[in-house]
Amino acid sequence: MARSVVDLLCDLVRIPSVNPLDGPVGPGVGEAGVAAFLAEELGGRGFEVRFQEVAPGRSNVVGRLRGAAPGPRLMLAGHMDTVPGGPAPRVEGGCVHGRGACDMKAALAAYLAAADAVRPRRGELLIAGVVDEEHRMLGAKHIGAVGPWVDWILIGEPTDLRVCICSRGRVLARVRTRGRAAHSSFPERGDSAIYRMAPVLAALERHAAELQRRPGLGPLPGPRLNVGRISGGGATNVVPDECVAEIDRRTLPGETVAGVVEELRAALAGTDGRVEEPHWDLRSFETDPDLPLVVALRDALEAEPPTGFPAGTDAPYFGSPVVLCGPGSLDQAHTEDESVPIEQVERAARAYAAVIEALLG
Ligand SMILES: [Zn+2]
């Protein structure tokens, strides 16, 4: 008899898989344990299983189950890594607690339970565990680069089982002003980079206000800009020779990193602020609300019209159309006592099975 989705989830939560960030993998650090578990579970269900080595000791695992007839390809994908910390695994109060329970081992368990309930009659069902969503998104980027590419990808990030078809992107950049240092007893001999930053900040505030007037896209709020940090000067008795403002710019689908930089430079024309090339960015994504996967999920869950996901994920990097819909709440992800309601995990497993039936039946 197939094991329950709760048992599968507890097994997954018991295997630590903390993202190593830029460090080495080791006991409890890295996704290898979860990948091995998934490989065995998928193999036991008749999936053909492959590993994709993405970085040393870190592999995506991709299982593939073919229907008898040709047809479309559906992938259920999810990241295997977690952030550090969190409670010991336990079942309590109708929830499974433990690091990764909600973000997003619940969905991985629900994928396996769905595969127990229904088999594809046509096309292909793929189930993929990917590495490194919590840091550089190497696993999704690898699939985006080498495949497998499919017709639809469902990612069960914790959306409270809402159907999410878009999210904003994010660009982090610095603006720098330079001056000339001098002793503060004769500041007129120097040139203050902090004073030079003042008109830059005023221009950034005007640019932010202009961005805020732009419309959003579907359920997504419009673009935004925040100056989150400013630093400059070393001591009160020195005229500062450098000042840096750090910018967080939220982007809509259709906006590019180059376009964001160009707008910043235009907004700062006539000031001494130099916009540096962004040091970090996350893509936005947008999926057709009429995609058959969206329709199938809404039918299965009797869900409201699709909406946007408020956080960044690896969804934009898979290279195939993605829909986010999974058990648990984003408010629970990364918290001290992360948990996921069992009722939602079971409902997700039933919905995923209905989706497989609708698209590959
Ligand atoms: Zn996640």
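The values are calculated or read from the model by the stated rules, or taken from the named source; none is laboratory data. From a predicted model like this one, the values you see are computed outputs, not experimental measurements. FYI the Cβ positions are ideal-geometry reconstructions off the backbone, even for glycines, and counts take in every protein chain you see.
Tabulated data
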quantity: Failed condition for Thr271, given (1) in contact with a strand residue (DSSP E or B) (Cβ under 7 Å, 6 or more places away or on another chain); (2) surrounded by 18 or more Cβ atoms within 10 Å (Cβ to Cβ); calculated: (1)
quantity: Every pair of residues 6+ apart whose Cβ atoms lie under 6 Å, when the first sits in region 62-82 and is closer than 13 Å to Val150 by Cα and among the aromatic types (Phe, Trp, Tyr) while the second is part of a strand (DSSP E or B) and within 16 Å of the ligand (Cβ to nearest atom); calculated: none
quantity: Filtered residues of region 306-351 (kept if under 13 Å from Val163 (Cα atoms) and more than 20 Å from the chain's Cα centre (by Cα)); calculated: Ala351
quantity: Output for region 61-89, where each listed residue is more than 16 Å from the ligand (Cβ to nearest atom) and β-branched (Val, Ile, Thr); calculated: Val61, Val62
quantity: Residue ranges of strands (runs of 3 or more DSSP E) in region 250-361 with at least 1 members within 16 Å of the ligand (Cβ to nearest atom) and in contact with a Ser or Thr (Cβ under 7 Å, 6 or more places away or on another chain); calculated: 322-324
quantity: All positions within region 321-354 that are polar (S, T, N, Q) and out of contact with any helix residue (DSSP H, G or I) (no Cβ under 8 Å at 6 or more places or on another chain); calculated: Thr335
quantity: Members of region 120-145 that are of a type in the set (D, E, K, R) and either crowded, with 20+ Cβ neighbours inside 10 Å or touching a residue at least 60 places away in the same chain (Cβ under 8 Å) (or both); calculated: Arg121, Arg122, Glu124, Asp132, Glu133, Glu134, Lys141
quantity: Every residue from region 172-188 that is over 30 Å from Thr251 (Cβ atoms) and touching a residue at least 24 places away in the same chain (Cβ under 8 Å); calculated: Gly179, Arg180, Ala181, Ala182, His183, Ser184, Ser185, Pro187
quantity: Selection from region 160-216 of residues that are acidic (Asp, Glu) and under 26 Å from the mean Cα position of the chain (by Cα); calculated: Asp160
quantity: Residue list for region 90-99, restricted to those being part of a loop (DSSP other than H, G, I, E, B) and either more than 16 Å from the ligand (Cβ to nearest atom) or under 17 Å from Gly71 (Cβ atoms) (or both); calculated: Gly93, Gly94
quantity: Output for region 218-232, where each listed residue is assigned to a strand (DSSP E or B) and modelled with pLDDT of 95 or more; calculated: Arg224, Leu225, Asn226, Val227, Gly228, Arg229, Ile230, Ser231, Gly232
quantity: Selection count, region 100-138, where residues are more than 12 Å from the ligand (Cβ to nearest atom), assigned to a helix (DSSP H, G or I) and either of a type in the set (Ser, Thr, Tyr) or closer than 22 Å to Phe309 by Cα (or both); calculated: 4
quantity: Residue count for region 141-164, restricted to those that are away from the ligand (no atom under 16 Å from the Cβ) and either farther than 16 Å from Thr313 by Cβ or in contact with a strand residue (DSSP E or B) (Cβ under 6 Å, 6 or more places away or on another chain) (or both); calculated: 9
quantity: Per-region count, region 19-70, residues β-branched (Val, Ile, Thr), within 21 Å of the chain's Cα centre (by Cα) and in a strand (DSSP E or B); calculated: 4
